[in-house]
Each structure stands twice: as structure tokens, then as C-alpha cells.
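Just below is one structure, and these are the notes that go with it.
The values are calculated or read from the model by the stated rules, or taken from the named source; none is laboratory data. Just so it is clear, the model here is predicted, and its values are computed rather than measured. Cβ placement follows ideal geometry from the backbone for every residue including glycine, while neighbour counts extend to all protein chains displayed.
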Amino acid sequence: MKIIKTWLPAITGMCCMAFGAGIMSIYGFFVEPLSHEFGVGAAVLNTGPIALLLVPAIFGALIGKLADSLPVRNIMLAGAGIGMAALVAIGQAPTLVWVAVGFVSFSLGMSMYGPVVVNGMLVKLYPGREARALALAAIGMSLAAIILPPLTGSLLANFDWRLALQILAAGLLVVLWVMILAGTPRGVVETAPSTEKLVAGAFYRIRAFWLIGLCVALGLNVMIVLTICFPPFFTGRGYSVADAGWFLAVSGLAGLVGKSCLAWQGDAVRNAVKWLAAGLLLTQVVGLLLLYVSVETWQVVVALVLLGAANGAFIPMHPYLNSRYFDAAIISQVTGAQMPLFLPLGLTGAPLAGYVFDQTGSYDVVMLALAATLVIAALLIACTPAATKVPAN
């Protein structure tokens with residue numbers, strides 16, 4: 001019981017990750033019903049996830065500042081309420097514009113109990129054990145991919161999409177509120193006062209702020225593009241859709257293992273975390289190159305194990321890297337302020353990959369371009385200077 005109590009905030013973070021950003025694992029279930037309901041193509045509806053990039057980029061710095069100065073429990077409770085209420089509203093939407101407004105509102109609510117807030121809280125609560133806490137929270141994304149799709153499929157098999165979405169939102173709201181109330185501190189998450197001179201807005205002038213932000217933006221956006229490209233890539237290589245599904249399952253399982261390994265040993269290399277991040281990025285490069293030259297199924301599996309494990313362990317790197325360079329009292333502000341750096345590749349990566357596919361009929365060139373992008377990301381983090389924490393304002 002003592003262990004559970006000690007790690008309850010991290011478990012709460014896992015729940016928030018699963019039923020926040022993890023909800024995107026079921027987005028595809030609602031594309032066809034919405035398409036039929038409102039008479040629009042899947043191409044239009046597939047632009048919905050862009051809100052998950054734009055909203056945190058616009059409001060991330062503000063949310064991060066609030067998370068560093070107000071009770072984090074209140075912010076997360078309000079965010080869960082806004083996010084799930086937005087999904088209920090989408091279930092009642094009379095027009096596609098209503099759906100779009102609802103999804104933007106969901107994205108805002110999700111940002112209030114998402115990575116910027118959760119990871120900032122965990123860095124403050126677990127000094128010296130950040131890697132374990134952050135990796136435990138990140139496992140929520142893997143759990144979402146296991147829990148939510150079959151649950152959503154069962155709901156859609158018994159109810160129309162509107163009622164299914166509302167039932168799902170109501171259930172998730174109860175789970176989120178219970179976990180947030182049980183696992184987050186009542187007041188502001190306190191941090192040890194900095195002994196250094198306070199410098200207003202100092203993190204914007206620190207090279208590590210930009211290098212970490214750009215590195216993580218490139219690494220995580222490559223992951224998003226790969227998720228979109230993998231199914232047609234495999235079918236283009238002669239595999240069936242079912243084979244592609246199993247391949248993705250192998251990658252997902254490897255990702256869970258990668259996060260677990262980071263939780264187990266990540267704190268032991270905290271003084272060399274930038275080299276750990278670079279190593280994970282280069283491991284993905286090896287996986288992509290092996291996938292590009294693969295001709296046998298076993299080669300594909302090995303490539304996906306490398307990619308999945310390295311991807312999974314890299315997901316918590318953003319807050320972990322920041323925790324080594326910036327005072328815990330401003331960690332949420334720093335992470336939120338870096339979110340706009342995700343936009344350039346986030347908004348252009350998938351469309352450009354689709355254009356290449358339209359012109360060449362395959363994603364082979366895209367795989368090489370993504371490998372080159374990961375090399376650039378590894379070089380950026382390798383150029384980050386030795387960690388010297390910037391104090392809070």
C-alpha cells in the first residue's frame with residue numbers, strides 16, 4: 001500500500017495520458033459515421049487531429065504558467081470537465097461546424113490535464129526519480145491503445161455513434177475525476193526554492209531551451225508521420241492489411257517495453273540524459289534503414305522492435321530533458337513555451353509524405369527522409385551544453 005501511495009500521482013498521470021491524448025487511438029472509429037452524417041469526405045475529417053497541435057501551441061505557455069502557480073488538481077479537474085463535456089456536445093452536434101468547435105474545445109480541455117501539466121507535476125513531486133515517474137505516465141498511451149479501441153467498438157456495435165460517444169465521455173469523466181482527486185495534491189505543487197539569482201524569462205535566452213524543443217519536436221513528429229505511413233507502406237511491400245495490423249501491434253508492444261525499461265533504469269543515467277536521447281533517436285534511424293532494406297518478414301519484425309522500443313522510451317524525454325536544465329518551479333512554463341516548435345513539421349510532415357506517395361507510389365523515400373530528420377534531431381541534442389539549471393522567475 002505504501003508503494004501505491006508513493007506512486008499514485010504517477011499512476012494518475014498514466015490515467016490522464018490514456019484518457020487524454022490516448023483518445024486519439026479511437027478517432028478513426030468516428031470518421032465513417034461522421035462522414036455519412038454530414039456528407040463530407042474522410043480527407044476533411046482527417047484534419048481534426050491538427051487541433052491537437054494548434055491548441056497546445058497557442059495555449060501551452062499560458063497553461064504551463066498556470067500549472068506552476070495554481071493548484072494543479074483544480075486545473076486538471078477543470079480540463080477533464082471541459083474535455084469530456086466537449087465530447088458530449090459533439091454527440092449532440094447538428095452541424096459539422098459544431099463538431100469542429102467541440103473538438104477544439106476537447107483539445108483545450110485535454111491540454112489542461114495533458115503532458116504539459118502532468119509532466120510538470122511529476123518532475124516536481126519526484127526529484128531524482130523523474131525518469132521512472134514520467135515513464136509510468138507515458139505508459140498510459142500504450143494502455144489506451146489496448147483498452148479504448150475494443151471498448152469503443154463494442155459501444156458502436158450496440159448504439160449509434162452519438163450515444164456511444166456520450167456514454168464513453170461520461171464514463172471517462174468519472175474515471176478521470178476520481179483519479180485526479182485521489183492522486184494529485186490539493187494545493188500548489190511546491191518545489192524547493194532556488195538558491196540562484198532569479199532571472200525573469202531567462203529560459204528563452206538559454207540555448208538548451210531551443211535545442212531540446214527542436215529535437216523533441218522533430219523526434220515526436222516523425223513518430224506521428226510514421227503512424228500514418230506504416231499501413232500503406234506495408235501493403236505496398238506486398239503484405240496484407242491484417243499483416244500490417246500485427247506489425248503495428250509488435251511495434252506497440254515494443255514501445256511498452258521501452259517505456260518500462262526507462263522507468264526501471266532511466267534515473268541511473270540522469271547525468272547523461274542527452275546522450276540517452278541521442279541514442280534512442282539513432283536506434284530509430286537504424287530501425288528505419290533496416291525497414292527500408294528489408295525483404296524478409298523477420299527483418300521487418302526486428303526493425304519494428306527497434307523502432308517501437310526506442311519510440312516508446314523517447315516519449316518521456318521531453319520533460320526529462322527539461323528537468324535536467326530548468327528549475328522545477330518553471331518546468332511547466334518551459335514545456336508549454338516549447339510547444340509552438342512542434343508546428344512546422346507537425347503541420348507539414350503528413351501532407352508532404354502523402355504528396356511523395358502520390359508522386360512515387362510508395363513511402364520508401366519518406367522513410368529515408370524521416371531517418372535523416374532523426375539524425376538531425378540527434379545532432380541537436382548532442383550539441384546541447386552541459387546542464388546548468390535556469391532558476392524560477
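Quick look at the values:
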{"item": "Single residue of the stretch 105-163 satisfying the filter (outside any helix (DSSP H, G or I) and under 15 Å from the mean Cα position of the chain (by Cα)) that is farthest from Leu70 (Cα to Cα)", "result": "Gly114"}
{"item": "Scan of the stretch 40-95 for residues that are assigned to a loop (DSSP other than H, G, I, E, B), more than 19 Å from the chain's Cα centre (by Cα) and surrounded by fewer than 18 Cβ atoms within 10 Å (Cβ to Cβ), ordered by number", "result": "Val40, Gly41, Ser69, Leu70, Pro71, Gln92, Pro94, Thr95"}
{"item": "Flag if Gly22 is at pLDDT 95 or above, under 21 Å from Ala138 (Cα atoms), part of a helix (DSSP H, G or I) and of a type in the set (Gly, Ala, Ser)", "result": "no"}
{"item": "Test: residue in the stretch 43-55 that is among the hydroxyl-bearing types (Ser, Thr, Tyr) and without any contact (Cβ under 8 Å) to a residue 60 or more places away in the chain", "result": "yes"}
{"item": "Residue pairs meeting the criteria (Cβ under 7 Å; at least 6 apart or on separate chains; first over 21 Å from Leu226 (Cβ atoms), in the stretch 245-274; second polar (S, T, N, Q))", "result": "Lys274/Thr384"}
{"item": "Hey, Leu34 assigned to a helix (DSSP H, G or I) and surrounded by fewer than 15 Cβ atoms within 10 Å (Cβ to Cβ) or not", "result": "no"}
{"item": "Those residues of the stretch 237-252 which are in contact with a Leu (Cβ under 9 Å, 6 or more places away or on another chain) and hydroxyl-bearing (Ser, Thr, Tyr), in sequence order", "result": "Ser251"}
